[in-house]
Structures are given as C-alpha cells and as structure tokens.
Amino acid sequence: MTALHEMTLSGLKAGLDAGEFTSVEIVSALLGRIESLDPQLNAFITVLGEAALADAARADEARARGDAGPLCGLPIVHKDIFCMRDVRTTCGSRMLENFVSPYDATVVERLAGAGAVVLGKTNMDEFAMGSSNETSWFGPVKNPWDPACSPGGSSGGSAAAVAARLAPAATATDTGGSIRQPAALTGTVGIKPTYGRVSRYGMIAFASSLDQAGVITRTAEDSARLLGVMAGFDERDSTSIDHPVPDYVGELDVALDGLRIGIVRQHFDAGLDASCAQAVRDALAELEKRGAVLTEVDLPNLDYCVPTYYVVAPAECSSNLSRFDGVRFGYRAKDPEDLLDLYCRSRGEGFGAEVKRRIMTGTYVLSAGYYDAYYLQAQKVRQLISEDFRRAFADVDLIAGPTTPTPAFRLGDKTDDPITMYLNDIYTIGANLAGLPALSAPCGMVDGLPVGLHLVGPHWSEGRLLAATHQYQQDTAWHEAAPEAFR
Ligand code: GLN
C-alpha cells in the first residue's frame, strides 16, 4: 500500500471511505513525520499534536455514525496568518509572537466544519511581506528540494510542508504572489481565487484590496476539494461577494477541447530564465495536444505591475498595521516612559526591517503633497492593468506563462537588494491588482528544482483553472515528483 504521507487528499478520502485506515492513523503518521523532518525545514511555527489527534478521533467517530462532512478526518495545515481560536497566531512576527486568537477565521471555521483536522500553523514572511520566507521572526523556511534554497514566500511554510509530504494540503494567502510563487518554487499547486471569493474575516490584513486566501496542494483535484469548502459569501467580510460556488470537483473533467489559451508576449523577454521558458513552452505544447488552442496576447502595462503594487500594498499596510500599537494586542515594550515611548518602542521592537520599510513607504505615498503623485497615480495605473486583462480575455479563456522568472534561489541571495526580491513577483502581481483568479502548477524541473506554469483566468473562472490543470495532470507526472529526502 502507498504510505499515508504519499497520498493526496483524494486518495486519503477514498481510503477513509473504504475503511482502509482511520484519521487517527493518518494524523499520527504525519505528526511523526513533522517531528522528525520539520527540523530540517522550519515549515511550522506551531504543531498541534494532542489537539489534532483528538480532532481525528472525533472525525473517526463521526464517520462511524454516518455523519462525515466532505473533508471528514482529512489533515491540513494553516498558514499562521489565519486566526484560530485558542491557538497562537503569529503572522510570522515578533509583534504577535504570543498572541492567542479569541476567534476563528471564516476559512478556519469552514474547513473545521467540513471535518478537516489541523496539524499545525505554518511559517511565513512577517505579515506576509516577502518572497523568500526570510523576513519571518521565526527564521527562514528551507526548500525541500534543496535546503540551501528558499521555498519562496510569503506562504513558504505551507508550500514546503506540502512539497515535503508533511501534509497533503495547506491554506495560504496571496497579496502579490504569495501562494503561486512558493507553489512554483516547491513543485506544488497553488490557487489564488478571485478577489472576494473567499472570506478575509480573521485573516490578518496586509493589503486589503489585494489579499485573498487560497490553497496549496499537490493536485488540482485536491485544491478543488478545499476551495469548494472555503469559498462563498460571508457577511462578516464586507468585500466578500455573494456569487454561487460551483462544484469544483465535479467540473474537473471538462475537456480542454477548444479552450483558448493566450500566451503573453511580454512574458518571454530577457528577464526569464531560458530553461524555465522551455519548461513552460513544453507545458503549453502538452495543453495544445489535449485540444487547447494557443494564441498570443499582449499585456502592454506588465512592466508597471511591480511599481504599482509597491505603492498600493505599502499604503494599505501602513494603515492596516497601525493597530499594532503595543496597547491593544501583541508585543508591548517594557517600562515605557510615556504613551509615545510605548508606541514607538513597541512598534520599533515588534516589527522587522521589511515591515518597517513597507510602513514607511506607505506612509510617505499617502502623505499630503505626495498622495496625488504616488497613490492616486498608482490607482490609475492599476486601472490600466485591469483593462489590459479585460481586453485579453475578450479573445482568450485563460492566460498562460511562467509563474516566476527563475527556479528557487539561494537563501541570502536577494536579502540585501529589496528590488531584486520584489521582481520575483513580476508575473503574479497583475492578477492581484486586477482581482483575477490565478494558479501555479508544476510543469518541469531545472537542475533539480521545480518550475511553475502560471494560469490566469477572468473573474470567477476558478473552475476552469482547476479543470485545465487537472487535465494537464492526467498526462504529466511533474506533480508526482517528490524531493529525495522527503519521499
Ligand atoms: N512578495 C510580495 C510582497 O512581498 C507578495 C507577498 C504576498 O503575496 N503576500 O509583498
């Protein structure tokens, strides 16, 4: 029999349904793996040992009673950005190092309601700001494919845990690429849904007009399973949209015949590593063999995505992070002289360098005299970028390209140069600025490191993205490759 840690969510569900093993057995096996292997990766901030076993036992009882929800007894992990009741929720920051949430995020609540068992909370860049997991107060995460490399960020812990078979599925969030870039660099599937598809309630805010929750798994089918549970209207999030949730799993078998895929001309320019470009071209040829029709499309404002994002995201973060003041929650500096000293030192000591850089940039672009020149201008360019996508989707059903310009880079390689780090998200940020759903799937290997294929669709096309990827995964085996040390 396939070892439990090698099985996908779908495989585990089938085994549970057939009575081949119990949830307690799955959870014990994975907790054992986390204990012995995670010290090499640092993918977890908190491991929920006893609590997970108790949840698994409850799931087994529910199943025996004939009362199994869609994810009953299936193991998952949560990015440590989602508030979970009575569990430490750090957001990768010293500011929240000892913060225990008094409530559940909607995502946490819905997955638990469907019967999922949470093994732990995963490491991440501080407040989701980063592309390498190196800004985490809890130390960097290592890439299971090469421990000298970064797994990407900010959802690096979730991606590494799934790639290393410490968990079959993880929640994650994406403000500019934080689900898709780590998925690409670890050989996993990551989907960022349409803005408003999944509730942001209880998900610690970075940039509210860009943040969206999604998942990292090994197959499109598993992503479909989780997304179907997470998605849907939530009156507690004013940006949640009341739009019907389709049966993502049921729609996976839609054939690729006639699917029009646009290849972005600007994606294959000088910035893209030649071997990544080849892997992506091969993947596109595979989709074509299955019936997809390839054409070229233009995104003329692509070059403005990163600069626009680095005005809008810091502006929103400077406002969102003002709540961490040493008074209400989180880190509080010792022996303050007065209130101002309390504010200044709590924030000075509680936040790391990248977070401070974003707060300062954001405060600057929002300040009187600069607001029009930077913030307002960025909002206008954001509109132009959305228009580019709208025009492209008049002719094609999906847009395809690379997820990242290169495979995983070495830890420490980009930490001294924020601009080079920011350029990692050049292909992913557009989807956030335009609120579009997008997905990365493994499509090749370069020197032993995975490469990601990036697909973007029109609003609400999650089902189409998942089905196209599922069809691709029927004929290819990149998603089955496992890093040597974690088989
Ligand atoms: N890497 C980008 C940043 O640092 C995106 C992060 C994210 O998507 N959360 O802002």
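The values are calculated or read from the model by the stated rules, or taken from the named source; none is laboratory data. Remember, it's a predicted structure, so these values are computed and weren't measured experimentally. Every residue, glycine among them, receives a Cβ derived from its backbone with ideal geometry; neighbour counts consider all protein chains shown. Just the protein is used for accessible areas: all its heavy atoms, side chains included, with ligands, DNA and RNA removed. Shrake-Rupley method; radii C 1.70, N 1.55, O 1.52, S 1.80 Å.
Quick look at the numbers
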| item | result |
| --- | --- |
| Qualifying residue in segment 262-276 (condition: more than 16 Å from the ligand (Cβ to nearest atom), surrounded by fewer than 21 Cβ atoms within 10 Å (Cβ to Cβ) and at pLDDT 95 or above) | yes |
| Residue check, ASP211 at negative phi, in contact (Cβ under 8 Å) with a residue 12 or more places away in the chain, away from the ligand (no atom under 16 Å from the Cβ) and acidic (Asp, Glu) | no |
| Any hit, segment 226-238, residues being farther than 25 Å from GLY444 by Cα, open to solvent by less than 70 Å² (accessible area, probe 1.4 Å), in a loop (DSSP other than H, G, I, E, B) and among the small types (Gly, Ala, Ser) | yes |
| Those helices (runs of 4 or more DSSP H) lying entirely in segment 374-487 with at least 3 residues within 23 Å of LEU299 (Cα to Cα) and at pLDDT 95 or above | 377-392, 429-434, 462-475 |
| Yes/no for SER209 being of a type in the set (Ser, Thr, Tyr), more than 22 Å from ILE76 (Cα to Cα) and at pLDDT below 95 | no |
| Hits in segment 359-378 (condition: closer than 18 Å to VAL306 by Cβ, surrounded by 18 or more Cβ atoms within 10 Å (Cβ to Cβ) and without any contact (Cβ under 8 Å) to a residue 60 or more places away in the chain) | THR361, GLY362, VAL365 |
| Looking only at segment 409-440, and only at residues there that are within 11 Å of the ligand (Cβ to nearest atom) and within 14 Å of the chain's Cα centre (by Cα), the one that is nearest to ASN143 (Cα to Cα) | ASP425 |
| Candidate set from segment 113-152 (those that are more than 21 Å from ALA169 (Cβ to Cβ) and hydrophobic (A, V, I, L, M, F, W, C)); member that is nearest to the ligand (Cβ to nearest atom) | MET129 |
| Every pair of residues 6+ apart whose Cβ atoms lie under 7 Å, when the first sits in segment 118-145 and is open to solvent by less than 20 Å² (accessible area, probe 1.4 Å) while the second is part of a strand (DSSP E or B) and among the polar types (S, T, N, Q) | GLY120/THR46; LYS121/THR46; ALA128/THR173 |
| Residues (open to solvent by less than 70 Å² (accessible area, probe 1.4 Å), in contact (Cβ under 8 Å) with a residue 40 or more places away in the chain and out of contact with any Ser or Thr (no Cβ under 9 Å at 6 or more places or on another chain)) located in segment 318-345 | LEU321 |
| Single residue of segment 2-56 satisfying the filter (touching a strand residue (DSSP E or B) at 6+ places or on another chain (Cβ under 7 Å) and open to solvent by 40 Å² or more (accessible area, probe 1.4 Å)) that is farthest from GLU221 (Cα to Cα) | VAL47 |
| Residue ID - surrounded by the most Cβ atoms within 10 Å (Cβ to Cβ), chosen from residues in segment 176-191 that are within 13 Å of the ligand (Cβ to nearest atom) and part of a loop (DSSP other than H, G, I, E, B) | SER178 |
| Every residue from segment 271-318 that is in a loop (DSSP other than H, G, I, E, B) and within 24 Å of SER386 (Cα to Cα) | GLY271, LEU272, ASP298, LEU299, PRO300, ASN301 |
| Unmet requirement for ASP104, which otherwise passes all of (1) of a type outside the set (Gly, Ala, Ser); (2) away from the ligand (no atom under 16 Å from the Cβ); (3) under 18 Å from the mean Cα position of the chain (by Cα) | (3) |
| In segment 329-354, the residues that are within 27 Å of the chain's Cα centre (by Cα) and either among the aliphatic types (A, V, I, L, M) or in a loop (DSSP other than H, G, I, E, B) (or both) | PHE329, GLY330, TYR331, PHE351, GLY352, ALA353 |
| Residue count, segment 153-166 (criterion: assigned to a loop (DSSP other than H, G, I, E, B), touching a Pro at 6+ places or on another chain (Cβ under 6 Å) and away from the ligand (no atom under 16 Å from the Cβ)) | 1 |
| Any hit, segment 449-471, residues being under 29 Å from ALA148 (Cβ atoms) and surrounded by fewer than 18 Cβ atoms within 10 Å (Cβ to Cβ) | no |
| Residue count, segment 70-82 (criterion: touching a helix residue (DSSP H, G or I) at 6+ places or on another chain (Cβ under 7 Å), open to solvent by less than 30 Å² (accessible area, probe 1.4 Å) and part of a loop (DSSP other than H, G, I, E, B)) | 5 |
